[in-house]
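Below you'll find the structure, written out as structure tokens, and then a few comments.
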Amino acid sequence: MLDMVVRNATLPDGRKGIDIGVADGRIRVVDAKVTAPGGRELDAAGQLVTPPFVDAHFHLDATLSYGLPRVNRSGTLLEGIALWGELKPHLTQEALVDRAMAYCDWAVARGLLAIRSHVDVCDPRLLAVEALLHVRDRVRPYLDLQLVAFPQDGLLRSPGAYDNLVRALDMGVDVVGGIPHFERTTAEGAESVRKLCELAAERGLPVDMHCDESDDPHSRHVEVLACETQRLGLQGRVTGSHLTSMHSMDNYYVSKLLPLMAEAGLSAIANPLINITLQGRHDTYPKRRGMTRVPELLAAGVPVAFGHDCVMDPWYSLGSADMLEVAAMGLHVAQMTSQDGMRACFAAVTTTAAQVLGLPDYGLTPGCRADFVLLQAQDPVDALRRRATRLAVVRNGQIVATTPPASTTLHLADRPSAIDFAPPRSGPG
């Protein structure tokens, strides 16, 4: 006896007419015809069932704080950092929790069931750390939340940041973070990378570092990150986030850098919505896109995930926890409009992002946790094109969110009254 059977699903790999059987919160069978009855039947009606969306890079401590204490008038990265510095003394744990919980509700509604969030540790009170640890416990039944200890103002530049970061890890934060390009000098940036990687090696923790989030082609801390990963045996546990300086580097240097990253087993995370918004601000024309070299990283064997980064905070006044919007921006900015390229962008917010975060039991094969999303789409490319409605979101075999199908009624003479934005099915020719 199964607890749930999803009937007649299309899977991301192209298989159609598939049934998914669930019992005890796990996927038990994926087959063309599941004969065992289910306690609950969900008719996919040929629509796409995918593993849940994953946000590989976010700032949950700042989310939904737009306009506090004032609006970022220039829309720049540096004014956003300054604004966050102005806001920090006025933060309360209650407000941090309320905003984060509201965002997690948005996430679940969008089928986003795993988030890696950086949390600022430069405030010695560690209010944001305490708040997000509380949120992590509250949302655990329906959302995986990883926390990264992030020294926003610089590990060496901000007094007490290293000790605060260690305290945050002692409190239960999952990942070691950093921001080497924000240190006072290139040498201090490299020193911060070494110190943080040594700390991660000592504690057996992953590393996810804001790295080279700059238009400066000489911001090259990711090569230090790759070197320290090799030296300390951290292969497969280290991620460079943003890497926007790579957009400005010369091709000869990048031809050296990409193999170093692949050899070290580094992963990369791009943040398309924010990279395209904050980078290139010093340019007139031509103006740089700023996002890192996603196709080249993938070709070199470096996994690339996408993150939302910001939603309605000092850096970005838009957003709604929609990872399809993130992936769609990524494929446009990176010019990944081939069929394989678009599917890689879909993977960057699902399977590849899950790989980068090390999520266990993720996927649509027997034995995986029964977490998945039913989308109003025919395939991953169609989902990106239409920003597909999340018809049902399932966590541990339980439906946690539903949305009615998107539909439009036309009031036009001699035309059908209802339309579907799926392409018409036509025969040969």
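The values are calculated or read from the model by the stated rules, or taken from the named source; none is laboratory data. None of the values given here were measured: they were computed from a predicted structure. Cβ sites come from the backbone with ideal geometry, for glycine too, and all protein chains shown count toward neighbours.
Across the stretch 386-429, the number of residues qualifying as touching a helix residue (DSSP H, G or I) at 6+ places or on another chain (Cβ under 8 Å), buried (at least 16 other Cβ atoms within 10 Å of the Cβ) and free of Cβ contacts under 8 Å to residues at least 60 places away in the same chain comes to 0.
The conditions of being closer than 28 Å to Leu260 by Cβ, buried (at least 24 other Cβ atoms within 10 Å of the Cβ) and over 16 Å from the mean Cα position of the chain (by Cα) are met by Gly290. Scanning the stretch 148-162 turns up one or more residues that are among the aromatic types (Phe, Trp, Tyr), surrounded by 21 or more Cβ atoms within 10 Å (Cβ to Cβ), out of contact with any Cys (no Cβ under 8 Å at 6 or more places or on another chain) and at pLDDT 95 or above.
Would you mind stating whether Gly67 is out of contact with any Lys or Arg (no Cβ under 6 Å at 6 or more places or on another chain) and farther than 30 Å from Asp309 by Cβ? No; evaluated as a whole, the condition is false for this residue.
Which strands (runs of 3 or more DSSP E) does the stretch 1-57 wholly contain that include 3 or more residues that are in contact with a Gly (Cβ under 8 Å, 6 or more places away or on another chain)?
Passing ranges, in order: 2-9, 18-23, 26-31.
Is it the case that Val222 is in contact with a helix residue (DSSP H, G or I) (Cβ under 6 Å, 6 or more places away or on another chain), assigned by TED's automatic domain parsing to the domain that holds Met171 and surrounded by 20 or more Cβ atoms within 10 Å (Cβ to Cβ)? It is false that Val222 is in contact with a helix residue (DSSP H, G or I) (Cβ under 6 Å, 6 or more places away or on another chain), assigned by TED's automatic domain parsing to the domain that holds Met171 and surrounded by 20 or more Cβ atoms within 10 Å (Cβ to Cβ). Suppose the filter is closer than 20 Å to Asp379 by Cα, part of a strand (DSSP E or B) and assigned by TED's automatic domain parsing to the domain that holds Leu96; does Ala327 pass it? When the stated conditions are applied, Ala327 does not pass them. When each of Ala102, Ala107, Ala82 is tested for being surrounded by 19 or more Cβ atoms within 10 Å (Cβ to Cβ) and among the aliphatic types (A, V, I, L, M), the lone residue that passes is Ala107. Of note, Ser214 does not satisfy the criterion of being more than 25 Å from Leu147 (Cα to Cα) and either among the polar types (S, T, N, Q) or not assigned by TED's automatic domain parsing to the domain that holds Met171 (or both).
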